[in-house]
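The values are calculated or read from the model by the stated rules, or taken from the named source; none is laboratory data. The model shown is predicted, which means the values in this text are computed figures rather than measured ones. FYI the Cβ positions are ideal-geometry reconstructions off the backbone, even for glycines, and counts take in every protein chain you see. Accessible surface areas use protein heavy atoms only, side chains included; no ligands, DNA or RNA. Shrake-Rupley method; radii C 1.70, N 1.55, O 1.52, S 1.80 Å.
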Amino acid sequence: MTVLGIAVCVFALWIVGTNFWANPSYTSAAPYHAAFLVSGFYVGRRAGAAGGGMLLSVALTFAVGVSIWGVWQWFSQNEMRAHSLFITPATLGSLVNLLLLPTLVLFACGSPRRILLPILVILGVTLGLAQSRGAWVAFGGAVVAILLLAHRAGVAVDRRRLAIAAMILACGVALSWVAADRPDVVGAYPGETPFSTVSFNHRIQLYDLAVKSIANSPWLVGTGYHSFFYLLEFSRASIPAFVTAQTYFVHNDYLQVLLELGLPGLMAMLAIVSIPLLRVWRALGGNALPTQDRVILIAAVAAITSMAVHALVDFPFYIPVCILLFGVALGILDAVLLRVRRGLSVPRLFANVTFRRVAGAALGTLVAWILILPVVAEAASIYGTRQWQAGRGQNAAFGLEAARRLDPRDWRYHWYAGQFWMAEALNRADRTAAAFAERALVAAQAANSREVRPLYDRILLNRRLGKLLATPASRETLVAWANRAVELSPSDPAVRAERDSLVKELQFADQGNRK
């Protein structure tokens, strides 16, 4: 047991715990993100220095394939920025940094493996073509950390090889300028260049919203994991850059964690970022570690530093593959440091083999239940949706109703079922289907009071199929719902149009009654 291991587990448990018990908009993503972090740390700890090379080889194989895809997009599909299989280029940049920098450390410290140079070429060019300035800054910050730690550890850095790596990255950055002058470039804005300030100005608006929201949020548990999307929906009118644009992230993970997980969540996150740096700095000051282990520690810190710096302007801590690799780097670093420093003593109760087995079985069952149940619910939902599309109503009803019972916290499954039953009621004028639709949409609202879509559909249900409901909503209730829907999503044209249509309809009815 180590301080770093405890910090990783505390951060993961805080994500899961607050999502289950203190998040008004529960998301099934939270336990999986926590699991990626803990699993990566566990794998890294078990691999240690001996198995770290194998893990790096596997990860590099994936990263090289992803990078080649991104470069192909830029060359053949006229993409402005390489993004590969990811939605945003920043995610590709963060992934590349996590593997490019450890490779750079091995290369600069004189590794004889010739394969490292072509890998550096591919990853370095990809980092340039991604045009993520946050990733570039993160790369620079990690290089500074590499040089400082190498000097402290007395590890020789081949300056010629370091200069070669710098030239590779410079070539990638230079290539990114070419895209601005190519005709028919996809994803470009007028006058956009790799060093334009447009995106930075947009981030300032997001930061301002996050800071204002933090001031009004509960400091202990936060507003809930992945809740920033809803806060942005409430405030779109005051953020010119995001009146129509979509984002789930503040583009500063420290601000977002403080907002969504509260002060304890931020402290746990800062712990998993700072503890490795402090411990490695202290360990490299002595002579207890062989040179190979020192190089491994510097490589791990390079990856950790890149993600910590990139998190200041983007969202790598919310990307599963980045969280996984970050956890692996933490685990390898922790395993190497255990050679020169003993871990914390554990309570005597944990020394009992029977207790450990029982506790391990109980914990494994709980984790499996938390992680498997959403997967089964998602599978049932997909099955139900496909059966609905195929016109098999009975099978569709079974799948969609099973999904919302398997994971009742997730509002989406109630909403999917509500849409299905509403369509059934509309097609067959079926009172039972209308009642099921109402019940499912009410459950969706209860599961997530921040989401506008179940409320919007409930308004449609009561307006169009109110005669099929035992107790349809009154006119006053419908107007209140419509106003609430506009509050939840003030920039949604469909929501505003529905509210305006409802108001006009009621006004027309009132005029008719007076006549």
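Please give the contour-minus-distance gain from Asn395 to Arg160: 0.36 nm per residue of separation, less the Cα-Cα distance, rounded to one decimal in nm.
78.0 nm
Between 0 and 90 degrees, rounded to the nearest ten: what's the tilt of helix 116-130 against the longest Cα principal axis of the chain?
40 degrees
Any idea what Rg and Dmax come out to for the chain if you just take the C-alpha atoms, in Å?
For the chain, the Cα-based Rg and Dmax read 26.6, 96 Å.
Quick check: Cα centre of the range 325-403 to Cα centre of the range 105-179, how many Å?
About 36 Å separates the Cα centre of the range 325-403 from the one of the range 105-179.
Normalised by the number of residues in the range 1-124, what is the relative contact order in percent for Cα pairs under 8 Å and 6+ residues apart?
Relative contact order here is 17 percent.
Compute the relative contact order of the range 381-515 as a whole-number percentage, counting only Cα pairs closer than 8 Å that sit 6 or more residues apart in sequence.
Result for the range 381-515 is 15 percent.
Ignoring ligands, DNA and RNA, please state the percent of accessible area on the range 134-179 from carbon and sulfur, probe 1.4 Å.
73 percent
Please name whichever of Ala440, Leu100, Ala329 sits farthest to the positive end of the charge dipole of the chain, dipole taken about the Cα centre and charges placed at Cβ: Lys and Arg +1, Asp and Glu -1.
Positive-most Cα among the choices belongs to Ala329.
Cα axis of helix 89-108 to longest principal axis of the chain: angle in degrees, 0 to 90, nearest 10?
10 degrees
Run the dipole for the range 194-353 about the Cα centre, Lys and Arg Cβ at +1, Asp and Glu Cβ at -1, nothing else charged, and hand back the magnitude in debye, nearest 20.
In total the dipole reaches around 620 debye.
How many percent of the accessible area of the range 239-340 is carbon or sulfur, using a 1.4 Å probe?
C and S atoms contribute 69 percent here.
Among Met54, Val301, Gly65, pick out the residue whose Cα is farthest towards the positive end of the charge dipole of the chain, where Lys and Arg carry +1 and Asp and Glu carry -1 on C-beta, about the Cα centre.
Farthest towards the positive end: Met54.
Hey, with R₀ at 35 Å, roughly what FRET efficiency would Thr471 and Val243 work out to, going by the Cβ-Cβ distance, to 0.05?
According to the calculation, E is roughly 0.35.
To the nearest 500 deg cm²/dmol, what mean residue ellipticity at 222 nm is calculated for the chain from DSSP H runs of n ≥ 4 alone, each contributing -39,500 (n - 2.57), summed and divided by the residues?
Result for the chain: -25000 deg cm²/dmol, rounded to the nearest 500.
Against the longest alpha carbon principal axis of the chain, how many degrees, from 0 to 90 and to the nearest 10, is the axis of helix 493-514 turned?
On a 0 to 90 degree scale, this one is about 10.
Under a point-charge model restricted to the Cβ atoms of Lys and Arg (+1) and Asp and Glu (-1), what is the dipole moment magnitude of the chain relative to its Cα centre, in debye to the nearest 20?
1060 debye
Go from 0 up to the bin containing the longest alpha carbon distance in the range 1-155, width 10 Å each, and give me the % of pairs per bin.
10, 28, 35, 21, 5, 0
Given a cut-off of 16 Å, what percent of all Cα-Cα pairs of the range 417-504 lie beyond it?
Above the 16 Å cut-off, the range 417-504 has 49 percent of its Cα pairs.
Which whole number in µm²/s is D for the range 367-445 by Stokes-Einstein, with the Kirkwood Rh taken over Cα pairs at 20 °C and 1.002 mPa s?
Approximately 174 µm²/s, per Stokes-Einstein.
Could you give the dipole magnitude of the range 414-456 about its Cα centre, charging the beta-carbon of Lys and Arg +1 and that of Asp and Glu -1, in debye to the nearest 20?
So the dipole magnitude of the range 414-456 works out to roughly 40 debye.
Above 13 Å lies some portion of the pair distances; for the range 405-465, what is it as a whole percent of all C-alpha pairs?
In whole percent, the long-distance tail amounts to 53.
What part of the accessible area of the range 414-515, given as a whole %, is carbon or sulfur when the probe is 1.4 angstrom?
The value for the range 414-515 is 52 percent carbon and sulfur by accessible area.
Accessible area per residue of the chain at 1.4 Å probe, in Å²?
48 Å²
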